[in-house]
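Trainee: Sharing a structure with you now.
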Amino acid sequence: MLQILNPSGELLDDPPMDVDLARRLFRAMVTARQYDRKAASIQKQGRLATYAPFEGQEAAQIGSAAALRQDDWMVATYRDAAAMWMHGCPWTHLLLTRMGDERGGSPPEGVPVLPPSITVGAHMLHAVGLAWAARLQGSDRAAVTYFGDGATSEGDFHEAMNFAGVYRTPTIFVCQNNQYAISLSRRRQTASATIAGKADAYGVPGVLVDGNDLFAMYRATGEALSRAREGQGATLIEALTYRLGPHTTGDDPSRYRDEEEVEEWRAKDPLERVRRYLATEGAWDEGWETAIAEAAHEEVDEAVEEAEALPPLAPVGIFEAMFAEMTPELAQQQRWLLDSRHGPA
Ligand SMILES: Cc1ncc(C[n+]2csc(CCOP(=O)(O)OP(=O)(O)O)c2C)c(N)n1
């Protein structure tokens, strides 16, 4: 398993970034954690529909997303807000997706992030398609897709990996193995020793990475991207990590896992090890962390205010959100709803 920064914050290899970038990414992880906790908390007040927390997975998401080029595609899931934000999708949009507001799925112009997939696994194929299109266009753009351990049991995973292998598409598959697919443990998900090992069957390199290690995630993704841009095709990265919170705000994890297990993983917290590393380098102090945490708090609060201040989307708007031009079926359904006999428009 690739590990550069161990849980005590000690370097096991050369760091893949300078201290300035490590500080910036630490700050990004602090901001992401603030967002995650805020979103879970406002969901309890009925201000979001449901929310899928990513606490514990910050390094897997921020470390990998930080290695991307601004024009690379990102195709992720409901749990990947930190990665999507890191790639330019505003918190406001991410909140809107959790409010059931279709406008959340359209990030600002020039942000190549697809709406988060709720359908487990289906989006990996979109990432392969986007990467293949980039290749056909002669560009060296890549596409990264995020998914969980559970998604690797979907047929879509096989189809996406197989296609990516045969056509050597520049796709980076980032599996965040957070040990559970809702209540189903990784052990019951697959008899395969690792998920990374599955890549062999598709003729694609697979790497097992400590997903709680910011440096290892950054390096593994950077190497996969270089290969992709050189025409050497896809890579599967298995980021070994842990979901510290519930599957969603509607889940009670105490029904299927022990608190001891959670504590074991909490000791491998992705933020703590970077904090320790920076402190050793003389690049961290409590005052700085308090200041960045306060700034993060404000940034997240502003996003919540902005999302909640938007006038509600008229129900007819949902038909216009999917395609540049509505299909005849959608247009017909929209007309049906607009007909005052069938409900509010
Ligand atoms: C095709 C499909 N089947 C089932 C579900 C219900 N469902 C939502 S999340 C989830 C578990 C996914 O686990 P995993 O892929 O490991 O990702 P994680 O939620 O742990 O990030 C399931 C079964 C769904 N959304 N889509």
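Please treat every number below as a calculation from the coordinates, not as lab data. Not measured: the values here are computed from a predicted model. FYI the Cβ positions are ideal-geometry reconstructions off the backbone, even for glycines, and counts take in every protein chain you see.
Trainee: Below 12 angstrom from the Cβ of L94, what's the summed charge of the other residues (Lys, Arg +1; Asp, Glu -1)?
Mentor: Details: positive: K38, R79, R98, R103; negative: D36, D80, D101, E306.
Counting the neighbours of L94, the net charge comes to 0.
Trainee: Let me ask another. Which GluC sites (Glu not before Pro) from the stretch 176-245 combine a DSSP loop assignment with at most 11 other Cβ atoms within 10 Å? Walk me through the intermediate numbers first.
Mentor: Working: sites: E223, E230, E238; in loops: E230.
Sites meeting the loop and neighbour criteria: E230.
Trainee: Using Cβ counts within 10 Å as a stand-in for footprinting exposure, how do L337, L48 rank, fewest first? Before the final figure, lay out each step's value.
Mentor: Values: L337 16, L48 22.
Listed from fewest to most nearby Cβ atoms, that is L337, L48.
Trainee: Can you give the log10 of the normalised intensity I(q)/I(0) at q = 0.16, 0.17, 0.19, 0.24 Å⁻¹, computed with Debye over equal Cα scatterers of the stretch 25-135?
Mentor: Log10 I(q)/I(0), no solvent term: -0.71, -0.80, -1.00, -1.50.
Trainee: When the chain is modelled as a GNM with alpha-carbon springs shorter than 10 Å, which of G203, G222, G155 fluctuates the most?
Mentor: G155
Trainee: What fraction of the DSSP beta bridges in the stretch 19-313 is antiparallel, stated in percent and rounded to the nearest 5?
Mentor: On the way: 2 of 24 bridges.
Antiparallel bridges: around 10 percent, rounded to the nearest 5.
Trainee: Using the Cβ atoms and a cut-off under 10 Å, what net charge is assigned to the surroundings of P7, where Lys and Arg are +1 and Asp and Glu are -1? Kindly include the intermediate steps, with their values, before the conclusion.
Mentor: Working: positive: K268, R273, R276; negative: E10, D210, D213, D269, E272.
Summing Lys/Arg as +1 and Asp/Glu as -1 gives -2.
Trainee: Calculate, axis by axis, the spread of Cα positions in the chain along the three principal axes, and write the results as whole Å, longest axis first.
Mentor: 67, 49, 41
Trainee: Let me check I've understood the local charge: for A321, count other residues with C-beta under 10 angstrom from its C-beta, Lys and Arg +1, Asp and Glu -1. What total comes out?
Mentor: Spelling it out: positives minus negatives among the neighbours equals -2.
Trainee: Mind checking which of Q137, Q332, Q34 has the largest fluctuation in a GNM of the chain, springs on alpha carbons under 10 Å?
Mentor: Q332
Trainee: Still on this model: Compute the distance from the alpha-carbon center of the stretch 237-286 to that of the stretch 79-113, in whole Å.
Mentor: Between the Cα centre of the stretch 237-286 and that of the stretch 79-113, the gap is 24 Å.
Trainee: Work out from phi, with θ = phi - 60° and the Karplus expression 6.51 cos²θ - 1.76 cosθ + 1.60, the ³J(HN,Hα) of each residue of the stretch 78-91, listed in order in whole Hz, and give x for Gly and Pro.
Mentor: Taking θ as phi minus 60°, the curve returns 4, 9, 10, 4, 5, 5, 5, 5, 4, 8, x, 7, x, 4 Hz for the stretch 78-91.
Trainee: With a point put 7 Å past each Cα toward its Cβ, work out how far D71 is from A283 in nm, to one decimal.
Mentor: Reported label-point gap for D71 and A283 is 2.9 nm.
Trainee: Expressed in nm to one decimal, what extension gain is obtained for the pair L136 and R37 from 0.36 nm per residue of sequence separation less their Cα-Cα distance? List each step's numbers first, then the result.
Mentor: Working: separation 99, 0.36 × 99 = 35.64 nm, distance 4.16 nm.
My answer for the length gained is 31.5 nm.
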